[in-house]
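Asker: I have a structure I would like to understand better, so I am pasting it below and will then ask my questions one at a time.
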Number of protein chains: 2
Amino acid sequence: MVSDEQATGAINGPKTPQNQTFPTLDRRRTFQERKIGHRRVDETGQVTYKKIETSQICGSIQLGIGYAVGSIASKPERDLLMQDFAMVETTSFPASGSNITPAHHFTDFKFKAYAPVAFRYFRDLFGIAPEDFLLSVCNEPMRELSNPGASGSVFYITADDEFIIKTVQHKEAEFLQTLLPGYYMNLNQNPRTLLPKFFGLYCYICRGKNVRVCVMNNLLPSFIKLHQKYDLKGSTFKRKANKSEKRKGSPTFKDLDFLDHHPEGLYLEAETYSALMKTINRDCRVLESFKIMDYSLLVGILGYQVSIRMTKREKFKNPKWKRNKLITKPLTS
Amino acid sequence: MVSDEQATGAINGPKTPQNQTFPTLDRRRTFQERKIGHRRVDETGQVTYKKIETSQICGSIQLGIGYAVGSIASKPERDLLMQDFAMVETTSFPASGSNITPAHHFTDFKFKAYAPVAFRYFRDLFGIAPEDFLLSVCNEPMRELSNPGASGSVFYITADDEFIIKTVQHKEAEFLQTLLPGYYMNLNQNPRTLLPKFFGLYCYICRGKNVRVCVMNNLLPSFIKLHQKYDLKGSTFKRKANKSEKRKGSPTFKDLDFLDHHPEGLYLEAETYSALMKTINRDCRVLESFKIMDYSLLVGILGYQVSIRMTKREKFKNPKWKRNKLITKPLTS
């Protein structure tokens, strides 16, 4: 049961964009089509979220995260307590600077860090050192992904392709915070979990508007050229990539496409198969306990030859490959 | 810094009896003195709790625990979820028996098992197999300890000296259940914790009365003959064992006695000292997060020569010694 293909993937909890390779806006859309949720694109191509410009949001969030992560990193390590999950720390960032925050060219804002001690613990568990996190998130401008989720969420990606910052609704942010104790339990008991990695939850407050964001791992860093990508829900009802998706350079296919392309499923070594089915079962039980049902399994297939080449080259070129590596996992046949 | 003494101990969260070596009642006390809280002793020496006889309580609880632990042990292992901490399972035990419970000679009763999946996880973490737990708790009659806590709690001890079953008030049982997620977190992060080991939380319901009990480890199994015992609170206000305590064969001394007996403290190897101070600090932070302040550190000192003799003899005589071994730990000097 040795495969000439490699399957890679993870469970998509909160929706992540399914295609991240088209950073330019689709000019064929009409102006009206360009408003989804709080995200708007004006005629000049300027993107706003809750009427705040992308550059302002990204820059302020980078300052906020820089301060929040730096300040918690300087505090001594200690055990995580239940109370830490409910904690919120708020800091003011006047444009003129303060004795703890730098001066900046954006509008005055406030920045809330949710459960900072808990997220420090999670980052540590995921092997992300504070200095690496800050370098990735705060050092260079982020870019916005062009295809927002159906909910109107906006996705910003760090320049090094490591992290995604996703806007979340008020209710979603609250929900995420209540899930943290259960999330902690799952990470402890089920370290091979395929559930998303959460690195932080924040709220940027400016001109009376709240922009809540969570920081997640980027499942599809652009340097990995996948042969095929599938977003699987385990349903066959309308689960087919549409024409515009298929026209893309790296389309994300769905369940019916998978059945069509791989009628016999994918072959995996017996041990890999059983270990991963167990992980998926455990993950599904956790999602069920959270009463979450709108999730899918993101499956990437790397052609075997491509994988060998990429591994050799990328391991040297990109020392972060090890961290980025998507977990090999099975598909139901 | 090598000591000729061995210090052993653990943090006493909920109060445990400080002397377990006098199973006979103190006949000098007047009848009136013999009612503390819900515990009464009548003129014939019969002990009741909430007007239910000890034999009835013990026998019913043993049946209840036998069923609860047996039934959860037969269910497949799975990850612990947040919801498991809040779970309660109730079973009826009619004297005539039912299709799931045996017939018995006690009054009909109901039995509630709180957070059974969580306690199965804890027992497993503490290395207690279900069959060993059932053998210890349910196989032979338990005895009641003669010196109830100040709160009127009653303590039953298993025949093999392994476990203590302590009655707890309604509020205390509720509180214990709310602490379980934090307790789980502490066990995961701080496996050398000196906090009490909890193996189960139950409620026996009979004649409209609720008797809530928790099952804990017995810190002072009688086969270990300690040279000295201290109950330390870190306070010197009235912290002296009274005359009647001192008359006992194995008295429990307090802070002022310790300062008197060991003016220079106890000598421990540097590594042991620092490791244990760290554990105590972490434990205290957890207790603080639980807003618990009425706890003490139970310190047992085993004379070095005695310890050598005991270790050689008892290791063969009592294979459970390893499990019972009290953790060596430091005292502030």
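The values are calculated or read from the model by the stated rules, or taken from the named source; none is laboratory data. All figures in this text were calculated on a predicted structure; none of them were measured in a lab. Positions of Cβ are generated from backbone atoms using ideal geometry, with glycine treated the same way; all protein chains shown enter the neighbour counts. Only protein heavy atoms, including side chains, enter the accessible area calculation; ligands, DNA and RNA are left aside. Shrake-Rupley method; radii C 1.70, N 1.55, O 1.52, S 1.80 Å.
Residues are listed down the side, and each one gets a yes or a no for (1) within 21 Å of B:Q189 (Cβ to Cβ); (2) at pLDDT below 95; (3) in the same structural domain as A:G208 (by TED's automatic domain parsing); (4) in contact with an Asp or Glu (Cβ under 8 Å, 6 or more places away or on another chain):
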position: A:V41; (1), (2), (3), (4): no, yes, yes, no
position: A:T44; (1), (2), (3), (4): no, yes, yes, no
position: A:S98; (1), (2), (3), (4): no, no, yes, no
position: A:F106; (1), (2), (3), (4): no, no, yes, no
position: A:V117; (1), (2), (3), (4): yes, no, yes, yes
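Asker: Can you find, within segment A:78-105, the residue that is farthest from the other protein chains (Cβ to nearest Cβ) among those that are within 26 Å of the chain's Cα centre (by Cα) and surrounded by fewer than 19 Cβ atoms within 10 Å (Cβ to Cβ)?
Answerer: Here the residue is A:T91.
Asker: Here is a further query. Exactly one of (1) at pLDDT 80 or above; (2) within 22 Å of the chain's Cα centre (by Cα) is unmet by A:S222. Its number?
Answerer: The one condition A:S222 does not meet is (1).
Asker: Something else about it: Could you go through segment A:290-298 and let me know if any residue there is farther than 25 Å from B:R78 by Cβ, free of Cβ contacts under 8 Å to residues at least 60 places away in the same chain, open to solvent by 30 Å² or more (accessible area, probe 1.4 Å) and not in a helix (DSSP H, G or I).
Answerer: no
Asker: For the structure I just gave you, tell me whether A:S71 is more than 14 Å from chain B (Cβ to nearest Cβ), open to solvent by less than 50 Å² (accessible area, probe 1.4 Å) and under 30 Å from B:N281 (Cβ atoms). Full working, then the answer.
Answerer: Working: more than 14 Å from chain B (Cβ to nearest Cβ): yes; open to solvent by less than 50 Å² (accessible area, probe 1.4 Å): yes; under 30 Å from B:N281 (Cβ atoms): yes.
It is true that A:S71 is more than 14 Å from chain B (Cβ to nearest Cβ), open to solvent by less than 50 Å² (accessible area, probe 1.4 Å) and under 30 Å from B:N281 (Cβ atoms).
Asker: I'd like to verify a number: residues in segment A:169-222 that are within 13 Å of A:F122 (Cα to Cα), aliphatic (A, V, I, L, M) and away from every other protein chain (no Cβ under 13 Å), how many?
Answerer: 3
Asker: Going by what's in this entry, would A:L276 be described as at pLDDT 90 or above, in contact with a strand residue (DSSP E or B) (Cβ under 7 Å, 6 or more places away or on another chain) and under 30 Å from B:E77 (Cβ atoms)? Give the steps one after another, and end with the answer.
Answerer: Details: at pLDDT 90 or above: yes; in contact with a strand residue (DSSP E or B) (Cβ under 7 Å, 6 or more places away or on another chain): no; under 30 Å from B:E77 (Cβ atoms): yes.
Answer is no for this residue.
Asker: Evaluate segment B:253-263: report whether one residue or more is surrounded by fewer than 18 Cβ atoms within 10 Å (Cβ to Cβ), among the basic types (K, R), away from chain A (no Cβ under 14 Å) and in a loop (DSSP other than H, G, I, E, B).
Answerer: For segment B:253-263, residues surrounded by fewer than 18 Cβ atoms within 10 Å (Cβ to Cβ), among the basic types (K, R), away from chain A (no Cβ under 14 Å) and in a loop (DSSP other than H, G, I, E, B): absent.
Asker: Same structure again: Could you list, in sequence order, all residues of segment B:221-246 that are under 24 Å from B:I157 (Cβ atoms), open to solvent by less than 30 Å² (accessible area, probe 1.4 Å) and assigned to a loop (DSSP other than H, G, I, E, B)?
Answerer: Residues satisfying the conditions are B:P221, B:I224, B:A241.
Asker: Only one of (1) assigned to a helix (DSSP H, G or I); (2) more than 28 Å from A:R39 (Cα to Cα) is not met by A:L266, so which one is it?
Answerer: Tallying (1) assigned to a helix (DSSP H, G or I); (2) more than 28 Å from A:R39 (Cα to Cα), A:L266 fails exactly one: (1).
Asker: So, one more: Please go through segment A:46-68 and give me each residue that is outside any strand (DSSP E or B), open to solvent by less than 50 Å² (accessible area, probe 1.4 Å) and not hydrophobic (A, V, I, L, M, F, W, C), ordered by number.
Answerer: Correct list: A:K50, A:T54, A:Q56, A:G59, A:S60, A:Q62, A:G64, A:G66.
Asker: Right, something else. Count, please, the residues in segment A:69-103 that happen to be in a loop (DSSP other than H, G, I, E, B) and either among the aliphatic types (A, V, I, L, M) or over 17 Å from A:R120 (Cβ atoms) (or both).
Answerer: From segment A:69-103, those in a loop (DSSP other than H, G, I, E, B) are A:74-81, A:87, A:94-103; that's our starting set.
Those still in the list that are either among the aliphatic types (A, V, I, L, M) or over 17 Å from A:R120 (Cβ atoms) (or both) too: A:80-81, A:87, A:94-103.
Residues in segment A:69-103 being in a loop (DSSP other than H, G, I, E, B) and either among the aliphatic types (A, V, I, L, M) or over 17 Å from A:R120 (Cβ atoms) (or both): 13 in total.
Asker: Right, here's the next one. List the residue pairs whose Cβ atoms are under 7 Å apart, where the first residue sits in segment A:277-288 and is more than 9 Å from chain B (Cβ to nearest Cβ), the second is open to solvent by 90 Å² or more (accessible area, probe 1.4 Å), and the two are 6 or more positions apart or on different chains.
Answerer: Partner pairs satisfying both residue conditions: A:T279/A:R192.
Asker: Let me ask another. Select from segment A:165-202 the residues that are of a type in the set (V, I, T) and touching a strand residue (DSSP E or B) at 6+ places or on another chain (Cβ under 9 Å) and list them in ascending order. Can you show your working first?
Answerer: Step one: filter segment A:165-202 for residues of a type in the set (V, I, T), giving A:165, A:167-168, A:178, A:193.
Answer for segment A:165-202, where residues must be of a type in the set (V, I, T) and touching a strand residue (DSSP E or B) at 6+ places or on another chain (Cβ under 9 Å): A:I165, A:T167, A:V168, A:T193.
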